[in-house]
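Below is one structure; the comments refer to it alone.
The values are calculated or read from the model by the stated rules, or taken from the named source; none is laboratory data. What you see is a predicted model; the values in this text were computed from it and never measured. With ideal geometry, Cβ positions are generated from the backbone for all residues, glycine too; neighbour counts draw on all protein chains shown.
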Amino acid sequence: MKKLLTLLLIVTTMLLGVAGCGSGNTEKTPGKAASYPADGDITVIIPRAAGGGTDNSARILCSLLQKELKGSRFVPVNKTAGGGLTGMTELAKAKPDGHTLGMVTVELAMFRHQGKTTLSYKDFVSVCAPIVTPAALIVSGELPCYTLSEFVKFAKENPGKIRMGNSGTGSVWHVAAMSFEKEFGVTFKHVPYPKGTADISAALSGKHIDATLADPASFKSQAEKGSVKILGIMAGSRNESFPSIPTFRELGHPMTVRAWAVLAAPKDLPKDRLDILRKAAEKIGEKKKYREQFSSEGIDTVTFSGEACDAMMAKDDAMFAKLLKP
C-alpha cells in the first residue's frame with residue numbers, strides 16, 4: 001500500500017510539471033534587485049550635535065532627498081567627537097558606494113592648517129551645501145550695547161572680562177572671535193562649547209556667557225523675544241532672514257567669516273551615483289517647500305551644488321591657510 005501511494009505521488013508530480021511546461025511558467029519571476037539609491041540605507045554622518053544649524057539643515061535635506069529619490073532611506077547619525085573631525089574622518093574612509101554620506105563643515109578647511117589632520121576637501125566630492133552662513137555678533141540682552149561700536153567700546157573698557165562663547169578651540173566661531181579681537185584691538189575670555197551652537201545658545205540664555213560670534217539662525221527666536229541682540233553680521237551683503245541687521249562691511253570693517261556644511265561623499269564615489277545625488281539635490285533646491293523649510297529655521301537658502309561646493313571649499317581652504325599661518 002505504501003509503495004502504491006509513493007508511486008501515485010511521483011506520477012502526480014510529473015504530470016503537474018508537464019502541465020506547467022505546456023501552459024507556460026506560472027511561477028513569479030524573481031524581482032529585479034533594487035538599484036541605487038533604493039538598494040540599502042544611506043547613513044548620513046552629522047559632525048555636530050542635535051539642534052544646531054548643521055544638524056537641522058542636514059535633517060531637512062535628508063527628508064527632502066528621501067522623498068525625491070523613491071525607495072531610498074536616509075539615516076542621520078550625529079558624531080560630534082573631536083570637534084567633528086572624527087565624523088568627517090570616518091566619512092572620508094567609508095566605502096565609496098553612496099551608502100555613507102556626511103556633512104563636511106568649514107572646520108575641515110581649518111583643522112589641516114592647525115596641524116590637527118591631513119584631511120582636506122580633496123578627500124571628498126560634494127553633493128550640495130544646504131547651509132552657508134556668516135558669523136554674527138550676538139550679545140546678551142542684558143549687555144548695555146545696542147550697536148557694534150558700543151560693544152567695541154564696552155570690550156575696551158572691560159579687557160578680558162567679556163565671556164565669548166565658541167564651538168571649540170580652533171573652530172570657525174573661535175577664529176571669528178580671534179579675528180574680531182585683532183580687528184578692534186580688544187580681548188575676550190573665550191569659553192568653548194565643543195558640541196556646537198545649540199549649547200552656545202543655551203549658555204547665552206543661561207547667562208553663562210556674554211556674547212558669541214556664531215550662526216544667527218540658531219538665535220532667531222531669542223532675538224525676537226529680546227533675550228539676545230544681534231549687532232552685526234560678517235558678510236558682504238545683508239542676510240535675508242535678518243534684513244535689518246547691518247554687515248560689518250557697512251560699518252567700515254570688511255570682515256567675512258562664514259560657516260558652511262556640505263553634504264558630501266568619499267572622493268572615489270562612482271560618477272553615476274554622484275550624478276544621481278547631485279541631480280536630486282538640484283531638483284529639490286528649486287522647490288518652494290525647500291525654501292520654506294529652511295526659512296522656518298532662519299536659514300537662508302543657498303544655491304551651491306556639485307562643483308560649486310567643491311570650489312567654495314577650495315577657496316576657504318586657501319583663505320584659512322593665510323589666516324591661520326603661524
Checklist entry - Which one is nearest to R112 (Cα to Cα) among residues in the range 155-180 that are crowded, with 24+ Cβ neighbours inside 10 Å and not hydrophobic (A, V, I, L, M, F, W, C)? => result S171
Checklist entry - Can you tell which of K189, K116 is under 21 Å from R48 (Cβ atoms), surrounded by fewer than 17 Cβ atoms within 10 Å (Cβ to Cβ) and not hydrophobic (A, V, I, L, M, F, W, C)? => result K116
Checklist entry - When you look at T133, is it touching a helix residue (DSSP H, G or I) at 6+ places or on another chain (Cβ under 7 Å), within 29 Å of K325 (Cβ to Cβ) and assigned to a loop (DSSP other than H, G, I, E, B), yes or no? => result no
Next on the checklist: Given the condition among the hydroxyl-bearing types (S, T, Y) and surrounded by 21 or more Cβ atoms within 10 Å (Cβ to Cβ), answer yes or no: does some residue in the range 254-272 qualify?
Outcome noted: no
Checklist entry - Is there a residue being in contact with a Cys (Cβ under 7 Å, 6 or more places away or on another chain) and among the hydrophobic types (A, V, I, L, M, F, W, C) anywhere in the range 241-256? => result no
Checklist entry - For the range 204-214, does any single residue satisfy the condition of being free of Cβ contacts under 8 Å to residues at least 40 places away in the same chain and surrounded by 19 or more Cβ atoms within 10 Å (Cβ to Cβ)? => result no
Checklist entry - Could you list, in sequence order, the residues of the range 10-34 that are surrounded by fewer than 11 Cβ atoms within 10 Å (Cβ to Cβ), in a loop (DSSP other than H, G, I, E, B) and either of a type outside the set (S, T, Y) or modelled with pLDDT of 85 or more (or both)? => result G24, N25, E27, K28, P30, G31, K32, A33
Next on the checklist: Just to check your reading of the model, which residue among S57, S72, S126 is assigned to a loop (DSSP other than H, G, I, E, B) and surrounded by 18 or more Cβ atoms within 10 Å (Cβ to Cβ)?
Outcome noted: S72
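If you scan the range 51-64, which residues turn out to be at negative phi and either out of contact with any strand residue (DSSP E or B) (no Cβ under 6 Å at 6 or more places or on another chain) or not hydrophobic (A, V, I, L, M, F, W, C) (or both)? Full working, then the answer.
Kept after step one, since they are at negative phi, are these residues of the range 51-64: 52-64.
Selection gives G52, G53, T54, D55, N56, S57, R59, I60, S63, L64.
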Checklist entry - Is it the case that some residue within the range 245-266 is at pLDDT 90 or above, in the same structural domain as L85 (by TED's automatic domain parsing) and touching a Pro at 6+ places or on another chain (Cβ under 6 Å)? => result yes
Checklist entry - Tell me, which helices (runs of 4 or more DSSP H) lie completely within the range 218-326 with 1 or more residues that are out of contact with any strand residue (DSSP E or B) (no Cβ under 6 Å at 6 or more places or on another chain) and under 30 Å from S72 (Cα atoms)? => result 271-285, 288-296, 307-323
Next on the checklist: Can you report the number of residues in the range 57-114 which are closer than 20 Å to G168 by Cα, in contact (Cβ under 8 Å) with a residue 60 or more places away in the chain and of a type in the set (G, A, S)?
Outcome noted: 2
Checklist entry - Based on what the data block shows, is S72 polar (S, T, N, Q), in contact with a helix residue (DSSP H, G or I) (Cβ under 7 Å, 6 or more places away or on another chain), modelled with pLDDT of 95 or more and closer than 25 Å to Q293 by Cβ? => result yes
Next on the checklist: Checking K207 against (1) under 18 Å from K225 (Cα atoms); (2) in contact with a helix residue (DSSP H, G or I) (Cβ under 7 Å, 6 or more places away or on another chain); (3) in a loop (DSSP other than H, G, I, E, B): exactly one of these is not met. Which one?
Outcome noted: (2)
